[in-house]
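So the structure is just underneath, and the comments pick up after that.
The values are calculated or read from the model by the stated rules, or taken from the named source; none is laboratory data. As the structure is a prediction and not an experimental result, all values here were calculated from the model. Quick reminder, even Gly has a Cβ in these numbers, built from the backbone with ideal geometry, and neighbours come from all protein chains shown. Each accessible area value is taken on the protein alone, full model and side chains, heavy atoms only, with ligands, DNA and RNA left out. Shrake-Rupley method; radii C 1.70, N 1.55, O 1.52, S 1.80 Å.
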Amino acid sequence: MKKILITILLSITSLMFAQTAINIAATNFMYKRKISNDKWTDWSPILKISYKINIDLENKKIVFINQANDEKTIYVIKNEDFSKDDKIMFLVSDSKEKSYIIQIVSLKDSDERKLHLISENINRVYTVTLL
């Protein structure tokens, strides 16, 4: 069921039906930070990056790999929600047990997808494509 929903959401061809892990690339991102209880900074300028992101449902991990220096950030999937047609959501934690929400959103009438990495103090938005 999970594989089918991911396939539909990400508009994957029939090659994806047998996979429990997918790889995506992030080419840029922007962010904003919380500066007080309910006040956030403006969005940063768009920053160029080269990240590979592996979503491994079988092992309950999402790994961000910085292609420039091979630095890895591993998030453990605690919960997932595949109920919306245009959005996948994961509740994850990092190695310090800090909680995040990761959302992958498909934009209607476009091949573009956004990955949101959200915590209580920072919100990052990555432009992603399927590898």
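Where residues in the range 44-71 are part of a loop (DSSP other than H, G, I, E, B) and among the hydrophobic types (A, V, I, L, M, F, W, C), which of them is farthest from Ile101 (Cα to Cα)? Quick ask: steps written out before the conclusion?
Pass one, the range 44-71, residues part of a loop (DSSP other than H, G, I, E, B): 44-46, 57-60, 67-71.
Now drop any that are not among the hydrophobic types (A, V, I, L, M, F, W, C), which leaves 46, 57, 68.
Numbers: Ile46: 21, Leu57: 15, Ala68: 25 Å.
Only one residue tops the list, namely Ala68.
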Requested in this report: Spot the failing condition for Asn69; the list is (1) under 18 Å from Asn121 (Cα atoms); (2) without any contact (Cβ under 8 Å) to a residue 24 or more places away in the chain, and only one is missed.
Outcome: (1)
Report summary line: Apart from one, (1) open to solvent by 50 Å² or more (accessible area, probe 1.4 Å); (2) under 19 Å from Thr20 (Cβ atoms) all hold for Leu57; the odd one out is (1)
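Give the number of residues within the range 81-97 that are part of a strand (DSSP E or B), under 17 Å from Arg113 (Cβ atoms) and not aromatic (Phe, Trp, Tyr). Before you say what the answer is, go through the steps one by one.
Looking only at the range 81-97, we keep the residues that are part of a strand (DSSP E or B), and these are 81-84, 87-93.
Retained after the next criterion (residues that are under 17 Å from Arg113 (Cβ atoms)): 81-82, 84, 87-90.
From what's left, not aromatic (Phe, Trp, Tyr): 81, 84, 87-89.
Going through the range 81-97 one residue at a time, the tally reaches 5.
Does the range 42-57 contain any residue that is of a type in the set (Val, Ile, Thr), more than 16 Å from the chain's Cα centre (by Cα) and on the phi < 0 side of the Ramachandran plot? I'd like the intermediate steps shown before the answer.
Kept after step one, since they are of a type in the set (Val, Ile, Thr), are these residues of the range 42-57: 46, 49, 53, 55.
Next, from what is left, pick out any that are more than 16 Å from the chain's Cα centre (by Cα): 46.
If we keep only those that are on the phi < 0 side of the Ramachandran plot as well, we get 46.
Scanning the range 42-57, I find at least one residue that is of a type in the set (Val, Ile, Thr), more than 16 Å from the chain's Cα centre (by Cα) and on the phi < 0 side of the Ramachandran plot, so the answer is yes.
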Report task. Collect the residues in the range 22-48 that are of a type in the set (Asp, Glu) and at pLDDT below 95, keeping them in residue-number order. Result -> Asp38
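Looking only at the range 110-121, decide whether some residue is assigned to a strand (DSSP E or B), open to solvent by 40 Å² or more (accessible area, probe 1.4 Å) and of a type in the set (S, T, N, Q). Quick ask: steps written out before the conclusion?
Within the range 110-121, the first condition is being assigned to a strand (DSSP E or B), and the residues that meet it are 113-118.
Those still in the list that are open to solvent by 40 Å² or more (accessible area, probe 1.4 Å) too: 114, 116, 118.
Pick out the ones that are also of a type in the set (S, T, N, Q) and you get none.
No, there is no match, as no residue in the range 110-121 is assigned to a strand (DSSP E or B), open to solvent by 40 Å² or more (accessible area, probe 1.4 Å) and of a type in the set (S, T, N, Q).
Residue-by-condition table, conditions (1) in contact with a Leu (Cβ under 9 Å, 6 or more places away or on another chain); (2) within 16 Å of Leu115 (Cα to Cα):
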position	(1), (2)
Thr20	yes, no
Trp43	no, yes
Ile49	no, yes
Ile53	yes, yes
Asp56	no, yes
**Report entry** the range 36-50 - residue that is closer than 12 Å to Asn123 by Cβ and of a type in the set (S, T, N, Q) and, of those, most open to solvent (accessible area, probe 1.4 Å)
**Finding:** Thr41
